[in-house]
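Asks: I have a structure I would like to understand better, so I am pasting it below and will then ask my questions one at a time.
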Amino acid sequence: MTGLPDPLLRETEAGWVRGKSVGEGQSWAWLGIPYAAQAAGSLRFRPPQPHTGWAGVRETHSFGPDVLQPLDPSVTLTPSVEGSLLLNIWTPARSAPAGGWPVLFWLHGGAFRAGSGRLYDGRELSARGEIVVVTVNYRLGPLGYANFGSLFADDRFAPNAGFQDQVAALRWVHANISAFGGDPARITAAGQSAGAAGVSLLLGHAPTAPLLAGAILQSGGLNQVSDLENSLDIARAYANALGVRRDNLNSLWTLPPRAFVAALHTLEGVRKRSLNSRPFLDGVLLPATRAELLARPLAPIPLLIGANREEYSLFVRLPDRIFQKIDRTYLAHKLEQEASPEWVLRLLSAYPDTLEGLTALGTDLFFHTPNDVLADAHPAPHWRYRLDWGTKVAGLGATHGMELLFLWPRPMGLSSTLMRGGQVRQRAALSERMHTAWLNFVREGNPGPDWQPGSAEDPNVNVLSLAGLSVESEAERKRRTLWGDQVVPMP
């Protein structure tokens, strides 16, 4: 590429693209590149298909539309388009070194219902870390995850289309990223919440695991995957909301796109204690049972995994479409479905019957413990982290998504209000430490010499706080002894 007269002109499998200079000339960006054909019309429910390409040069100077999703002020107010399978690339603004730069492949969160790669601006990470940053759109809501194929016994519906999009994007990056100065042998897949669940699936997916050199899981994992029975209940509810039966099944291809958004809103009104869009165990792309899912071999690559201290406060303290009305009684009921009453009673006695106790219980149940089990099963070195700094806004503390504010500029539409208050210098230093660790992991396969790796025998957690980096072991050992290897699926 050094011989090209225009360094922003690059060739992909589908055609030439031209990017632009961003960040005061520190980075180059190629935005809105199709990694697959638009998944609309006859392709609405199909696996992602290769893009047929374009003639001439495609100008990739601006983000393309988000995939179809609700207009949600907490995430995005940008109008969305069905099947907009696009990705964005940022690189340092110069020729790559021999062998290329390492690559960060980022999957956004948003409960599989909302979000976009557009919400994560990679210019700063790219320039500072000397890496290539890629962010991805993938199908969401019923178009991405409704199990219509099993419900109607019809193979025209691709199982887990949203995850298949993630697989297609990763394969595109592996095949094309060298044209942008990236090293296809050094791709780290990373994601938060639903995006972390996607990374956890890529880790154990035989066709994609060899494409990864590292993985970062932030506040999400395999407990977000639905079993077959629950996926059928969700698909049936979608079909009812859409007015679709076996005798008019073809109408699913002719319904206007916004009908699926309306159906999602309908489900969120009646299924208030459920993730109504999520990957499911299909026995084809993913295993058929939860036991098989948890037992799958994982890619033997470095893993950075963790969560925030008060993850569950977001769902306890603020009105939300996700996990509405989930209280201590409901969590106890979920636990009793998975374990003995004696174990549940012993567990619950460790958490006070207060708002703070409910937050701690939900955080350990849905975030920390699933991380423990996955990390302990991982066959390569892993490093656990916990973010302890929290906002004072609405008593949220170190809530779900808080770490994103330290890693990305204005991620996921999160309000800067959450970062109001004093200790500006200390928070800047914390952000610096996190950037250093994450970027070192992408480049070197570890977060740095000050971080302690973990294991089942030595359950070290690297605590990120204003005071600096510290390691917590004994409290973690007690918590793990309390929970064991009990992974409870999200409702």
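Asks: When the residues of the stretch 324-339 are narrowed to those that are open to solvent by 70 Å² or more (accessible area, probe 1.4 Å) and within 15 Å of residue 355 (Cβ to Cβ), which ends up modelled with the lowest pLDDT?
Replies: So, considering only residues that are open to solvent by 70 Å² or more (accessible area, probe 1.4 Å) and within 15 Å of residue 355 (Cβ to Cβ), the one modelled with the lowest pLDDT is 325.
Asks: Residues 226, 231, 200, 219: which one is crowded, with 23+ Cβ neighbours inside 10 Å, within 15 Å of residue 105 (Cα to Cα), among the hydroxyl-bearing types (Ser, Thr, Tyr) and touching a helix residue (DSSP H, G or I) at 6+ places or on another chain (Cβ under 8 Å)?
Replies: Within the list 226, 231, 200, 219, the selection yields 200.
Asks: Regarding residue 69, is this residue part of a loop (DSSP other than H, G, I, E, B) and within 17 Å of the chain's Cα centre (by Cα)?
Replies: yes
Asks: Right, next: Return only the number of the condition from (1) touching a strand residue (DSSP E or B) at 6+ places or on another chain (Cβ under 8 Å); (2) more than 15 Å from residue 111 (Cα to Cα); (3) at pLDDT below 95 that residue 275 does not satisfy.
Replies: (2)
Asks: How do the helices (runs of 4 or more DSSP H) wholly within the stretch 292-404 filter down when requiring 3 or more residues that are in contact (Cβ under 8 Å) with a residue 24 or more places away in the chain and closer than 22 Å to residue 446 by Cα: which remain?
Replies: 369-377
Asks: For residues that are open to solvent by 50 Å² or more (accessible area, probe 1.4 Å) and either closer than 19 Å to residue 156 by Cα or not in a helix (DSSP H, G or I) (or both), tally how many sit in the stretch 234-252.
Replies: Of the residues in the stretch 234-252, 5 are open to solvent by 50 Å² or more (accessible area, probe 1.4 Å) and either closer than 19 Å to residue 156 by Cα or not in a helix (DSSP H, G or I) (or both).
Asks: Which helices (runs of 4 or more DSSP H) does the stretch 80-195 wholly contain that include 3 or more residues that are surrounded by fewer than 24 Cβ atoms within 10 Å (Cβ to Cβ)?
Replies: 123-129, 148-151, 161-176
Asks: Can you find a residue in the stretch 365-388 that is in contact with an Asp or Glu (Cβ under 6 Å, 6 or more places away or on another chain) and within 20 Å of residue 471 (Cβ to Cβ)?
Replies: Within the stretch 365-388, one or more residues are in contact with an Asp or Glu (Cβ under 6 Å, 6 or more places away or on another chain) and within 20 Å of residue 471 (Cβ to Cβ).
The values are calculated or read from the model by the stated rules, or taken from the named source; none is laboratory data. Quick caveat, the model's predicted, so the values are computed rather than measured. Every residue, glycine as well, gets a Cβ built from its backbone with ideal geometry; the counts of neighbours run over all protein chains shown. When the accessible area is computed, the model is the full protein with side chains, heavy atoms only, and any ligands, DNA or RNA have been set aside. Shrake-Rupley method; radii C 1.70, N 1.55, O 1.52, S 1.80 Å.
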